[in-house]
Every structure is written in C-alpha cells, then in structure tokens.
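Here is the structure we will look at.
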C-alpha cells in the first residue's frame, strides 16, 4: 500500500481495516486523491473492509494509475498483460508498464524487457529487451524483487541471440534512458 493511512498490522501479520476506515478512504478516493484511489483498489482486491470485488479493484487501481502512481501502473499493467481478473490485453498492459518505466519504476523496466523478449503486447525486439533488462539490473528499489542471477541469465540469453552491434545499441539505448531517468524523482542507480 502507498502510505500508511488507515492500515494496521494485527498480531497474525495480516492487514486489517474497519468499515469506518474504509468509508473514509472511499470518500477521499471519490474526491480524486490518487493515493486513496490506489489503496481503495487494494481494499477491493483483497476484501479489506468491503466485500472482495476484482472489477471494482481494477477500476480504482486504473484511476490511481492515470494520476501517475507507479505501483498502480504496475498493477494495472500486470492485470491486463497477464489477464488477471480482466480480459487479457497485452498491448494495454505494456502501455501501463511504459508509464511506470517513464517514472523510473524498475518493475516497468523488468516487464518491458519481458514483453519485448516474448513479443507479448509489442513486436519482439531483442535490442529493446536488452535495454530494459539492463536498466532493471542497474536500478534501485522496485515493486519487483531483484534476482541478480536470474537477470544475469536473461542478459546472457539475450546476448546469445544478438550480434555485437545489437548489444552495443542496447547498451547505448539503456545509457540514454538512464540519463533521461536520472532527472526523475523515483529513479535511483543500483540496489
């Protein structure tokens, strides 16, 4: 969840929220508070303070995503790209990953790398996949846990499918994107 707000941690380690806290969050979300929209989406997704409703969860998550909450952009992207609780729309998922990546969210880098590798939602492009995977490896904290060995394996796999010229181009594109991203508030270099 973004922020703390009405969230509490009980002795079993699960998040709880009272009905009154949920209603307060709903009112803030209905007034356009992006953080509240994202948290309300999580409430509906998990059934916290309200009956679980995946469609309502995605509605509020997308509202928060449209207002620039990177975690919401990632959740909306994953929902569409994988077809989780919604009709699969890989291209729409990629668009949300791009929005998150534009803000320096490393999870966006990770899934763009996968999308370009697989040709899922975009035309297959190993150079673009290499660029985004390299950026993920070199980035800071993310909603996606970093698995250094796994990322190194993915880069090695890509390098085995690419020419030296393509690898150099991927590195150059990653460097250029890193320069652009260094101006964003969220982007950090390295773990």
Exercise. Kindly express, to the nearest 10 degrees and within the range 0 to 90, the angle between helix 164-181's C-alpha long axis and the longest C-alpha principal axis of the chain.
Key: 40
Quiz item: Per-residue ellipticity at 222 nm for the chain, helices alone: DSSP H runs ≥ 4 residues times -39500 (n - 2.57), over residue total, nearest 500 deg cm²/dmol?
Solution: -20500 deg cm²/dmol
Exercise. Relative to the longest principal axis of the C-alpha atoms of the chain, give the angle of the C-alpha long axis of helix 126-138, reported between 0 and 90° and rounded to the nearest 10°.
Key: 60
Exercise. Give me the angle, in degrees from 0 to 90, between the Cα long axis of helix 90-102 and the longest principal axis of the Cα atoms of the chain, rounded to the nearest 10.
Key: 90
Quiz item: Mean separation of Cα pairs under 8 Å and 6+ residues apart, divided by the residue count of segment 18-65: what relative contact order is that in percent?
Solution: 34
Self-check item: Principal axis dimensions, largest first and in whole angstrom, of segment 18-65 by Cα
Solution: 22, 20, 11
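Only the coordinates and a few stated rules stand behind these numbers; no lab work does. None of these values were measured; they are calculated from a predicted model.
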